[in-house]
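Everything below concerns the one structure shown next.
The values are calculated or read from the model by the stated rules, or taken from the named source; none is laboratory data. Computed from a predicted structure; not experimentally measured. So basically every Cβ, Gly included, is an ideal-geometry build from the backbone, and we count neighbours across all protein chains shown.
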Amino acid sequence: MSNNELTRRWKELHTNPDLRAGLRPEIRDSWERSIHYRVDPGMRENPYIYEAEQLKNAQEHSRYFIETALPVMKSLYEFVAGTGFVVALFDADVCVLKVIGDDESLSWAKRARLIEGSVWEEKLVGTNGGSLAIDLAEPVSVFGYEHFCLFSHVSASSCAPVIDQGRIIGGLGMVAPVNRVSNHTLGMVVASVKHIESKMILERTTRYNQVLMESMSEGVLAVDPNGIITYLNEVGARILSCSATKSIGRSIYDILGNHADNHHFLNTLTQGRSVSDQTFVLTLGQSRIKCNITCNPINDPDLGGQQGTVVILRESHRMNRLVRNWIGMGANMTFDDIIGSNQGFQKTIKTAQSAASSCSNVLLLGESGTGKDIIAQAMHNASPRKSNPFIAINCAALPRDLIASELFGYEEGAFTGAKKGGNTGKFELADQGTIFLDEIGDMPLDLQASLLRVIEEKSVIRLGGNKLIPVNVRIIAATNKDLENEISRGRFRRDLYYRLGVIRINIPPLRERPDDIMLLAHYLCTKTGERLGKPNVTLSSEVIDAFRNYDWPGNVREMQNVLESAIQLATGDEITLDLVEDCFLPGSDPLELSQDQLTDISEIEKQMIKQYLIKFRQNKTKTAEALGISRQTLYRRLKEYGLE
């Protein structure tokens, strides 16, 4: 159809409204709206052009849309180059964001003001392909005289909306003089729009997955079968001391180097092995790091089989926090929870507070029940390590054959019954934190040598293993034994004694703190009463006298047990003497017992064991519970004191 014929048909539609009935319904409706909007049909160019700042804002608002669509637009134009077409991208307001074409087609488009920043809303310039595609939310072609305004009546356009996440964000169009249009134009536009939409979905999914990976608290590393890094998140890059973006495409060997310490990890990674929660020590330059690693090969038949390996890296200090949260190995007590106004005891507490900020090992010395474990917890919570694990282990409570595996861990197959995958020792779990070794005087001699090596080398070797695992642990040890005497008897290593006792703190027994007896009694009575639902319980005057005159060989722990028993049995709000007298040692009168009767700590302990055995009719379990010690410790004491 010639331009003259197009012009004639266009004029007839404007002068004879009845002829519009022959238009396609969507075109006819658009013409009616354009007339309603009072659009000037005689316009010879589009006058609605954004200012430079307005265009810049519109392009910035649609930046992701433009970046995604531009490669597709260029590919589409390659098919129609030299045919007079321009390819235009527009936003939801039908503002042209980008136009691609050759010099001839761009010059033609410029004469009609089809340029970047031009606005083609129906209410401004009448019926056109861009506005109609947006309004109909479907692909559409507008041919010559179907355009409402004069400046468009000799052109043809094929446009399709771009829909992202259920909303129209713009559209793509091909525009050319009428005589250049083919039957396939709209199909090419639709295919290109589908490509843009698919790219946006794919890129959004990829970006979403990247955000998920970056939000993980673990490091994520992926390598192909040749050891080339295909993905590394920021956490993983921090663990491996490298750049995430610069590492993609590099060999894992370049990142880790050819250090012997790293060979086991590199072989695991590149040979497609599966490991779960295995501890590796990696050497990175001048530093060594310990991390927990899980490796899984990527096997997908649709991708051609083995595609490499994905690795989850967990920092050791994060694992420590998880362990503390999972198994409750934490310190709950602080120095505010320690009660006592005795001058000697206050001096002890001040020494402990000063030592808390130190990294030196501490040895707590004191009788059973004096609160060594509470002071150890308080020191941890007052130290720079307070956010890291506090792990307590009773060296006397564990059987001899288990204490080494508990302290140092073991590898899979180290001994019969060893857990699959091995086991992490308490020193590893306490890394960056504090380990409290209670009853250190009961540790076997051979294990004392192993402990000394850990202190000196600041690393452990698991049973059945050969790798040194670095640990940064502050040791607080405690004992109720006279270690000097144990050393002279060949039961404790002198070198270990000095290494553990860099700072030694003696905790006075309760009998040496007579001014604290009632202070503690009232405090424990209140706290225990509140816990047991009896907040108003008090002590009678007879009980107060008895408490003051009793030597408390079991110290604070004994007092707490006596009060808890009495509060449980009390029918009223007052604890009377009859409720506590059976809790004192048999054969002793708390009002008459004097220190002259018991002058040696070992003799005190021996007499306590004898009297509790009588009280509980030789029942070893109940005797151990009453003394606050394990059955293993009780049996050792029975043998030591000749009470078997």
Inset, instruction - Taking the residues in the stretch 213-239 that are surrounded by fewer than 19 Cβ atoms within 10 Å (Cβ to Cβ), without any contact (Cβ under 8 Å) to a residue 40 or more places away in the chain and in contact with an Asp or Glu (Cβ under 7 Å, 6 or more places away or on another chain) as candidates, determine which candidate is farthest from ASP254 (Cα to Cα). - result: GLU214
Inset, instruction - Return the only residue of ILE435, ILE475, ILE487 being touching a Leu at 6+ places or on another chain (Cβ under 7 Å) and aliphatic (A, V, I, L, M). - result: ILE475
Inset, instruction - Would you list the helices (runs of 4 or more DSSP H) that sit entirely within the stretch 331-442 and hold 1 or more residues that are surrounded by fewer than 18 Cβ atoms within 10 Å (Cβ to Cβ)? - result: 343-356, 400-408
Legend entry - Residue under evaluation THR283, criteria (1) at pLDDT 80 or above; (2) within 18 Å of SER241 (Cβ to Cβ); (3) touching a Cys at 6+ places or on another chain (Cβ under 7 Å), criterion not met: (3)
Legend entry - Verdict on GLU486 being surrounded by 15 or more Cβ atoms within 10 Å (Cβ to Cβ) and out of contact with any strand residue (DSSP E or B) (no Cβ under 8 Å at 6 or more places or on another chain): yes
Inset, instruction - Quickly run through the stretch 165-188 and pick out the residues that are more than 16 Å from ASN46 (Cβ to Cβ) and buried (at least 24 other Cβ atoms within 10 Å of the Cβ). - result: GLY170, GLY171, LEU172, MET174
Inset, instruction - Could you list all residues from the stretch 535-569 that are more than 22 Å from GLU605 (Cβ to Cβ) and surrounded by fewer than 17 Cβ atoms within 10 Å (Cβ to Cβ)? - result: PRO535, ASN536, THR538, SER540, SER541, GLU542, ASP545, ARG548, GLN568, LEU569
Inset, instruction - Might you check whether a residue that is touching a residue at least 40 places away in the same chain (Cβ under 8 Å) and closer than 15 Å to VAL119 by Cβ occurs anywhere in the stretch 62-84? - result: yes
Inset, instruction - Filter the stretch 189-223 for residues that are under 23 Å from VAL96 (Cα atoms) and touching a strand residue (DSSP E or B) at 6+ places or on another chain (Cβ under 7 Å) and give the result. - result: VAL189, VAL190, SER192, VAL193, ILE196, GLU197, MET200
Legend entry - helices (runs of 4 or more DSSP H) lying entirely in the stretch 490-592 (those with 2 or more residues that are of a type in the set (Asp, Glu) and more than 19 Å from ALA626 (Cβ to Cβ)): 514-531, 541-549
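Does at least one position in the stretch 462-469 carry a residue that is part of a strand (DSSP E or B), of a type in the set (Val, Ile, Thr), closer than 27 Å to GLU367 by Cα and in contact (Cβ under 8 Å) with a residue 12 or more places away in the chain? Before the answer, list the steps.
Here is the first cut: in the stretch 462-469, the ones part of a strand (DSSP E or B) are 463, 469.
Adding the requirement that they be of a type in the set (Val, Ile, Thr) leaves 469.
Filter again for closer than 27 Å to GLU367 by Cα, leaving none.
No: the stretch 462-469 contains no residue that is part of a strand (DSSP E or B), of a type in the set (Val, Ile, Thr), closer than 27 Å to GLU367 by Cα and in contact (Cβ under 8 Å) with a residue 12 or more places away in the chain.
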Legend entry - Whichever residue in the stretch 461-489 is at pLDDT 90 or above and of a type in the set (A, V, I, L, M) and, among such residues, is nearest to ILE629 (Cα to Cα): ALA478
Legend entry - Output for the stretch 606-634, where each listed residue is of a type in the set (Ser, Thr, Tyr), under 16 Å from SER368 (Cα atoms) and without any contact (Cβ under 8 Å) to a residue 24 or more places away in the chain: THR623
Inset, instruction - With the condition kept exactly as written, say whether any residue in the stretch 508-526 is surrounded by 15 or more Cβ atoms within 10 Å (Cβ to Cβ), more than 49 Å from the chain's Cα centre (by Cα) and not small (Gly, Ala, Ser). - result: no
Legend entry - Failed condition for ASN57, given (1) closer than 16 Å to GLY173 by Cα; (2) at pLDDT 95 or above: (1)
Inset, instruction - Using the structure shown, decide if VAL162 is farther than 18 Å from ASN46 by Cβ, at pLDDT 95 or above and surrounded by 18 or more Cβ atoms within 10 Å (Cβ to Cβ). - result: yes
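Look through the stretch 67-80, keep the residues that are out of contact with any Lys or Arg (no Cβ under 6 Å at 6 or more places or on another chain) and surrounded by 15 or more Cβ atoms within 10 Å (Cβ to Cβ), and return whichever of them is modelled with the lowest pLDDT.
Applying the first criterion (out of contact with any Lys or Arg (no Cβ under 6 Å at 6 or more places or on another chain)) to the stretch 67-80 yields 67, 69-80.
When the remaining residues are screened for being surrounded by 15 or more Cβ atoms within 10 Å (Cβ to Cβ), the result is 69-70, 72-73, 76-77, 80.
On the way: ALA69: 96, LEU70: 96, VAL72: 96, MET73: 96, LEU76: 93, TYR77: 93, VAL80: 87.
The qualifying residue modelled with the lowest pLDDT is VAL80.
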Inset, instruction - Quick one: count up the residues across the stretch 136-175 that are over 28 Å from PRO17 (Cβ atoms) and over 57 Å from the mean Cα position of the chain (by Cα). - result: 0
Legend entry - Residue tally, condition loosely packed, with under 13 Cβ neighbours inside 10 Å and under 16 Å from SER287 (Cα atoms), over the stretch 242-262: 2
Legend entry - Selected residue (only one of GLY22, GLY101 is farther than 25 Å from ALA191 by Cα, at pLDDT below 95, assigned by TED's automatic domain parsing to the domain that holds CYS149 and not acidic (Asp, Glu)): GLY22
Legend entry - THR571 vs. criteria more than 21 Å from ILE609 (Cα to Cα), hydroxyl-bearing (Ser, Thr, Tyr), in the same structural domain as GLY628 (by TED's automatic domain parsing) and touching an Asp or Glu at 6+ places or on another chain (Cβ under 8 Å): no
Legend entry - Evaluation of ALA478 against (1) assigned by TED's automatic domain parsing to the domain that holds ILE435; (2) not in a strand (DSSP E or B) (one fails), failing number: (2)
Inset, instruction - Could you check GLU60 against (1) touching a strand residue (DSSP E or B) at 6+ places or on another chain (Cβ under 6 Å); (2) loosely packed, with under 12 Cβ neighbours inside 10 Å and say which number it fails? - result: (1)
Legend entry - Which numbered condition ALA109 fails, given (1) crowded, with 21+ Cβ neighbours inside 10 Å; (2) of a type outside the set (Asp, Glu); (3) at pLDDT below 95; (4) within 24 Å of LEU13 (Cα to Cα): (4)
